[in-house]
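Here is the structure we will look at.
Derivation of every value follows stated rules applied to the coordinates shown; laboratory data play no part. These numbers were taken from a predicted model, which means no experiment stands behind them. Because the Cβ atoms are built from the backbone with ideal geometry, glycine has one as well, and the counts that use them run over all protein chains shown.
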Amino acid sequence: MGGYNSGIIFTNDKCIGCNRCISNCSLMGANVSIIKNGKAHMEIDSRKCNDCGRCINICVHHARDFRDDADAFFADLKKGQKISVILDPTFYAIYGKKAPCIVGCLRKLGVEKIYDGAYGRELCAYLTVKYLKEAKNLPVDQRAFISNACPAMIAVVQKYHPFLLKKMIPVQPSPVCGAIYAHKYLGDDNKIAYLSACVANKTEAESENTNGVISYNLTFAHVMDHLKEYQNEKFTEGCEPDLKGSGFGSLVSIGGQFSNIISYFFSHTETVLSLQGFSKDNIDSLYMSLDDKFKENQPLFAEITACKNGCSGGPGIDRTNYNSGDVYSNAIELRKDAYAAFSEIDNPEKFWKHVSSQFKYIRPEDFKREYTDSSRQQFKIPKSALEEIFTDMLKDTVQKQNINCGSCGYNSCKDMVRAIAYGYSRKENCIQYMQELLIKRYYTDAETGLMSRAAFLQAGNKLFADNPKKTFIVAVGDVNKLKVINDLYGFAAGNDALKQIAATLRQIAGEQGLVARLGGGAFAVCMENSVDNLQKLQSCKVFDNGSVHMSFPITMHFGIRIANAEIGLTVALDQASLCMDNNISSVQNTFTAFTEKNVEDTHLEAEITSLMQQALKDGEFKIWFQPQYTAANGELVGAEVLCRWIKEDGTIISPTVFIPIAEKNGFIRTLDEEIWTNVFAAVRSWLDIGIDPVPVSVNISRVSLETDKIYYIIKRLKERYNIPEKYIHFEITESASITTQGVLNSRIQKIRELGFRIAMDDFGSGYSSLNSLKDMPIDILKLDIGFMRGDDSLNRGGTILNYVVRMAQGLEYITVAEGVETSEQADFLRSIGVNVFQGFLYAKPMPEEEFVEILKKSKERTSVLRPRTFGQIDVRRFLSPDSPESLMFEDFTGPAAIYEFDDKSKSFQLIRANRKYLSLFEMDSLSFAEVRKNLKKLVGKEPFGYMLKQIEQSISDKQEVIFNVEMRTYETNTPVWVKIHMWEISANENKHSFYMLLEDITNEKLTESTLEIANTQLGMMMENSQIGMCLMHIDVDLKRLVTGLSLHVLRVNKTFLEISGFTEEEVLGWTSKEALAVIHPNDVLGFKVKMAKALLGKFKNAFTYDYRAIKSDGTYALVRIIATGVQQPDKSFMVITNYIILDI
């Protein structure tokens, strides 16, 4: 968008994107549709605009404006710049009697010279006619005939029609002719400004083809705006121009064109065309001159202009002073004056003779005009691309592709599609598309592409009506925990899940069935009632979550109603919705058929709802207590508060009945506050009568956590009853913890800051457990021991609980096991470290009176302490993915792992390993359990024993240990040598955590062995060779190949020493200069050049060179050197040279 709105004409903020500018512009791409600040907006691509300004004149919103040089002109005048002004011929027609006053005002402001532009127009007309008369003798292919009087026309030809450039008349346009005349013939050295109603003149002023003769393009509108402050002044001096035209130059002042003037010089038999606007038809009429079939009919002169009312109607007109009646009247007077001055104007030959004598001293070469090809070849849009755009615009029929309403601004739908393809327009500018889109959106769900509710009802009602004897399966389903999916994985993942569900339901319903998304996570299905269809629906246990990368299955709960035309689709949908919530499972899809019981449940819900408020007033909601005991010694350490609804007649309404209804209708907030108040009051009363309480846990419902009000309620209760905070704990359910996680955590933390402990209830019953532990500010973890109930033939339940408890201990949480019913369960839970028990094995829920009696009997109070870890470093920091320690561990170290060592059992267990560690041992694809299982095998028995000794040494010395050990990779059993840095980072009783950092030193080991072997072999080869050999190290400066060689002899054999006469000590001590000194001075340069070429080629081929070598005794021997080399990582070379004596 760099070229948008940066040219002469631009769009301001008043634009509403009405497309009027497009429909009135003949240049596709000059107007570009964009979205700006959320609204439709048209901007101008200055690279394609010809600056005609038509859009300025036709814009009813005044959203188009232009730039000229008025500001710079007046600023330079104030600075004392010498400037002359040329007044366009329309100036006197527009301003009439005011014109002299304006001229006088300009002179007062500092303008030195003022010229009537009519003179330049007359000069241009003379030069043009002279060219046309002389060109008549030329072949038609060489004759130019197109006028350049309109600068917008020049721009159109140069940018879009380069083939017409040779047909443009090679004479400068009138404003430029006037400026050249002032400079060259009047000796005016001032900068020249041209004042007119034309904005496109600025393009000409800045053109390379006008040589900068015009420095300022001024418009009437902007100049008169600057002169407002002088409008009441009278100027009587200097009111006449310094140069006037003879008269006929004023004929174009209004209505007429430059072609009118030209026609006066030729017979009426000559063709002089005058066209308005740059339409395709007008431009095509000019191309006939290039067609062999029509070129002989090329007109003498052709002019195309931009402005409807001639130059006086240009976009830069001063509309505040423009009165069409006055302007026409003034123009007529000017015409009369011109006709009076030229009585021979009706006689072309006499008129030409008169004018040519007037300008006989003019040199035409001074006014010669050239043109620049500024065109850009537009790439052709493939038909397939255009069809794709049509499809995207919902124009899928020939009729829709040819609506051609023009509301978009283009002449046809095809033109608009091309504009969209080039990036000039947007499909949203098509009113037909927007109408189709609105209809489509009304009947189509945007996210899934399914039917909307309206479309589903319309199609379904028709299906029922067309098949009155058939029955249909109508199913309504809702996604389980869609909000959880959005919270945990983001809305994009949630939308992907909805699309996956939509695709599956569409497949189940088949081509004859109907599927709709009703909103949110709700979907509807309607298909013919058959055993196969019902089985297809109910056999869908879960929806595929692989494509959306979720850790738990995507499930829904469905209600099903078998219906016919008599029941109707609307009723069937309502009844299916009524029963779908009766069976919900997070593990698999559930299907509940509508029965009369669903109606009964609805009635029950309504009845319960109607009784709740009165029951609260009557005190029917009671607090009961279920005691909690320590796992270690069975002492009473707390209780959970439960709510019971006991009516006056003794009837008990189960919490499983009224709690879900209360949560659904919002009554739970009121009930929560009532229970909390009663609990605070109860504990206060116990303290007042001298009973030593134990901490009691009060539930906070998911609904109550949805607002900040909860904090202020609890704070008020604390202040009112003045109870030590240790006696009240608050419990939240795990399912509540996944609702707006960040806000909820903030609310919980505020309650915690009041001094109360927070417990998470039913941990393990949902999918977000670990996520909850990571983020929530809690102190107590209440375990759901449902893992130990039901079918556990694989013996996994106990294992899961074991790891959960261990994890809780690491996080320093107190653990409470709920629902303990057997002594076997208690023994197991105690063995794995659970702190507190609650369940029927110890005590059932009981009224306050009974619980108080238990408190009185339990005299000694036992506290449960939170587990603690200690050490130099908190290991938990390495297990938190967002901690700096964890990020450093994973991304900014080498292979690393954390191990736990038990100094009693001498066991060594992996806690965490980073990716580089697993990759080193080829274990990337293994699960963590498989890594643990196989890691010891890779070490080997002897190295493992060595590692244990090092670990014990580290514990004893409290220092880091470093040692090397050979291990094996998992997949290929390849030996790997590693250097291990290991140090203890924390300890908890007999368990020690170690940080292990590894270095792969396998290559070093192999290199050591390889170098040792290679060195031995090279030594043997050199010593047994019958020719002289040297091993050299050569550094080379690539910028100075010949002079920048630096060599050092590393090894020399006996044969070389024998043939050269030098000692080994002398040769090994040679400097580069001394080594080259053994070569005859006349051979040194050739040797260096040969060596340089070999180095540049990196010794792809061995190099050979014969030279005279100086022996130690000063004699010479002719020697042939054969050298090969290998480039080293540091760009130096290792070179082996062989020396053969060619003569003795």
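Among E900, E112, a tally of other beta-carbon atoms within 10 Å of each Cβ gives an order, fewest to most, of E112, E900.
Ordering W686, W983 from the fewest to the most neighbouring beta carbons within 10 Å gives W983, W686.
Converting phi to 3J(HN,Hα) with the Karplus coefficients 6.51, -1.76 and 1.60 and the offset θ = phi - 60°, region 400-409 yields 5, 7, 10, 5, 6, 6, x, 5, 7, x Hz in sequence order, with x at every glycine or proline. Rounded to the nearest 20 debye, the dipole size of region 571-641 about its Cα centre is 180 debye, using +1 on the Cβ of Lys and Arg and -1 on the Cβ of Asp and Glu. Simple point charges give the picture: +1 on the Cβ of Lys and Arg, -1 on the Cβ of Asp and Glu, and for the chain a dipole about the Cα centre of about 3140 debye.
Note on region 391-511: Cα convex hull, mean projected area over all directions, 10.8 nm².
Taking a ≥ b ≥ c as the square roots of the eigenvalues of the alpha-carbon gyration tensor, the chain is classed oblate because a/c is 1.5 or more while a/b is no larger than b/c. Most tightly packed first, judged by the mean number of other beta-carbon atoms within 10 Å of their residues, the peptides 829-838, 342-351 read 829-838, 342-351.
Only helices enter the 222 nm calculation for the chain: every DSSP H run of n ≥ 4 contributes -39,500 (n - 2.57), and dividing by all residues gives -11500 deg cm²/dmol, rounded to 500. Between S452 and T444, D445, the built amide H atoms are under 5 Å apart, and every one of these is 5 or more places off in sequence or on another chain. Projecting the Cα atoms of L127, A1102, C101 onto the charge dipole of the chain (Cβ charges, centred on the Cα centre) puts L127 farthest toward the positive pole.
Computed over the chain, relative contact order equals 6 percent, with contacts defined as Cα pairs under 8 Å that lie 6+ residues apart.
The charge dipole of region 445-594, taken about its Cα centre with unit charges on the Cβ of Lys, Arg, Asp and Glu (plus for the first two, minus for the last two), comes to roughly 80 debye.
For region 78-135, rounded, prolate or oblate, judged on the Cα gyration tensor with a ≥ b ≥ c (square roots of eigenvalues), a/c < 1.5 rounded, else prolate if a/b > b/c? Could the numbers behind the result be given before it?
Values: a/c = 5.28, a/b = 1.90, b/c = 2.78.
The shape class here is oblate.
Counted by neighbouring Cβ atoms within 10 Å, the residues F756, F163, F258 run from fewest to most as F163, F756, F258.
Positive-end ranking of I962, L948, L998 along the dipole of region 876-1000, with charges on Cβ about the Cα centre, is headed by L948. Each peptide in 811-819, 315-323 receives the mean, over its residues, of other Cβ atoms within 10 Å, and ordering these scores from highest gives 811-819, 315-323. Across region 1005-1141, the mean sequence separation of Cα contacts (distance under 8 Å, 6 or more residues apart), normalised by length, yields a relative contact order of 24 percent.
Find the relative contact order for region 68-361 and round it to a whole percent, using C-alpha pairs within less than 8 Å whose residues are 6+ positions apart.
Numbers: 487 pairs, mean separation 81.7, N = 294.
For region 68-361, the relative contact order is 28 percent.
Dipole orientation for the chain: of the candidates M888, T305, A1092, T305 has the Cα lying most toward the positive pole (charges on Cβ; Lys, Arg +1; Asp, Glu -1).
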